[in-house]
Amino acid sequence: MPLEQADELLLMQFRTEGTKETGFTAIVKKYQEKLYWHIRRMVVDHDDTNDVLQNVFIKVWNGLNNFREDSRLYTWLYKIATNESLSFLEQKKKKAAVPFGDVEEGLSNTIKADKDFDAAKLEWKLQLAIQQLPERQRLVFNLRYYDEMPYSEISQILETSEGALKASYHHAAKKIEDFILNH
Amino acid sequence: MNRRKEIHEELKDIAPTLAGIDFQYPYRVPTGYFNSLAENIMLRITLENAGSAKEELEIISPLLSSLSKKMPFSTPEGYFDSLTPDIKAVKKGNHEPARVVKMFQPERRFRLAAAAVTIGIIGIAAWLFMREPVADLNASKTDTEVQKELKAKVSEISDSELANFVEANTNITFTDSTSVAEIRGEDVKLMLADIPDRELEEYLHQNSVKEKYN
């Protein structure tokens, strides 16, 4: 497996005429899996995730020239992916003309419809529990629990103070534990 | 302490049950999805930046873009030649204007009738609302004035007419089924049983006094 190139080098390739596509493809390959799972945890369905992820990378292609390196590329990409996922869920809510709670219930049903779903297994129960959380708490929990992100970076992505994030993560973990123990 | 361990320790304090769950993620991704993702995204970006339909097709399907666009279908001989004069005639204005058929056009008389009915209803309603209440002509007259009028009117009637009126109305007979003669003495006793003797004596005294004067 080739060594992952440093973001600075990839950005330089992207900004150089003639190596733009090579640089971009390298960025996609480097972050595709992380972003895919970040989006999938929010929208659940693979096809929806694929649509959102492609939109994210198209936005990256169009906006990368304006990216100022005062934050990490990784954080910037997560921010775009988060916003795209939230927009997708918002549009889904509008199209279905249902309250957001019903969309969350729909996401739980998508989990249950997965061919590998096994209600007895804890990892599946955990996914159902995460879907019960409010959107913001779900995001904080996923970024901390799965992506193992420091609060300082989550703070940059969600534009929220670290203290509020810690409280949010605490509430989310408690709610998930209650769900697992009572279901 | 690495971050994984740090998050695990944090979770152990907040939600110990959650800290004990296997970290494995249960979802699956189609085989080879990530291998072709970058290529698919580049294709989409190129398509979005394609200038013309020809360029777009060259990207989507080089095979399709290389094929001739000549239609294999044929038209009847001279079809386009015979089509031209009609178009010229239309341009010159030698054609009848197309008839405009309105979706709903009620006849004039129905519209007039409807207008008349509406005006009538509004007029009557306005008259009923605006008119002054009819004064009772007799209300302002005194009893003596009314009596005078009646007397004057009765004096206009001839004696023969009055005689006929009286004769016609004396034919009315009272058909009360219970005449005084039919009331038995026992019934009278029963009827008067509840009346105190004092009241009866008073009644007899009053009536006997009146009879004397009558």
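Quick rundown of the values:
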{"item": "Restricting the stretch A:68-98 to residues that are among the small types (G, A, S) and either touching an Asp or Glu at 6+ places or on another chain (Cβ under 6 Å) or surrounded by fewer than 17 Cβ atoms within 10 Å (Cβ to Cβ) (or both), the residue that is farthest from A:A6 (Cα to Cα)", "result": "A:A97"}
{"item": "A:F67 away from chain B (no Cβ under 14 Å) and farther than 21 Å from A:R144 by Cα", "result": "yes"}
{"item": "Residue ID - nearest to A:K30 (Cα to Cα), chosen from residues in the stretch B:37-55 that are open to solvent by 80 Å² or more (accessible area, probe 1.4 Å) and among the charged types (D, E, K, R)", "result": "B:E39"}
{"item": "Scope the stretch A:108-154; condition open to solvent by less than 30 Å² (accessible area, probe 1.4 Å) and among the small types (G, A, S); matching residues", "result": "A:S108, A:A129"}
{"item": "Selection from the stretch B:57-75 of residues that are outside any loop (DSSP other than H, G, I, E, B) and open to solvent by 80 Å² or more (accessible area, probe 1.4 Å)", "result": "B:E58, B:I60, B:P62, B:L63, B:L64, B:S66"}
{"item": "Spans of helices (runs of 4 or more DSSP H) in the stretch A:114-183 with at least 1 residues away from every other protein chain (no Cβ under 12 Å) and under 22 Å from A:W76 (Cα atoms)", "result": "A:135-145, A:151-158, A:162-182"}
{"item": "Any pair with Cβ under 6 angstrom, 6 or more apart, that starts in the stretch B:15-41 at a residue that is more than 7 Å from every other protein chain (Cβ to nearest Cβ) and ends at one that is open to solvent by less than 10 Å² (accessible area, probe 1.4 Å)", "result": "B:A19/B:L11"}
{"item": "Filter result (touching a Leu at 6+ places or on another chain (Cβ under 6 Å) and in contact (Cβ under 8 Å) with a residue 40 or more places away in the chain) within the stretch A:117-148", "result": "A:Q131"}
{"item": "Residue under evaluation A:T82, criteria (1) touching a His at 6+ places or on another chain (Cβ under 8 Å); (2) within 13 Å of chain B (Cβ to nearest Cβ), criterion not met", "result": "(2)"}
{"item": "Count - residues of the stretch A:37-49 that are without any contact (Cβ under 8 Å) to a residue 40 or more places away in the chain and more than 8 Å from every other protein chain (Cβ to nearest Cβ)", "result": "2"}
{"item": "Residue in the stretch B:18-36 that is modelled with the highest pLDDT, counting only those that are outside any loop (DSSP other than H, G, I, E, B) and surrounded by 15 or more Cβ atoms within 10 Å (Cβ to Cβ)", "result": "B:Y33"}
{"item": "Total residues in the stretch A:7-29, condition more than 10 Å from every other protein chain (Cβ to nearest Cβ), of a type outside the set (S, T, N, Q) and open to solvent by less than 70 Å² (accessible area, probe 1.4 Å)", "result": "6"}
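The values are calculated or read from the model by the stated rules, or taken from the named source; none is laboratory data. Everything quoted here is computed from the prediction, not taken from an experiment. Reconstructed Cβ throughout: ideal geometry from the backbone, glycine too, with neighbour counts over all protein chains shown. In case anyone asks, the SASA skips ligands and DNA or RNA and just uses the protein heavy atoms, side chains included. Shrake-Rupley method; radii C 1.70, N 1.55, O 1.52, S 1.80 Å.
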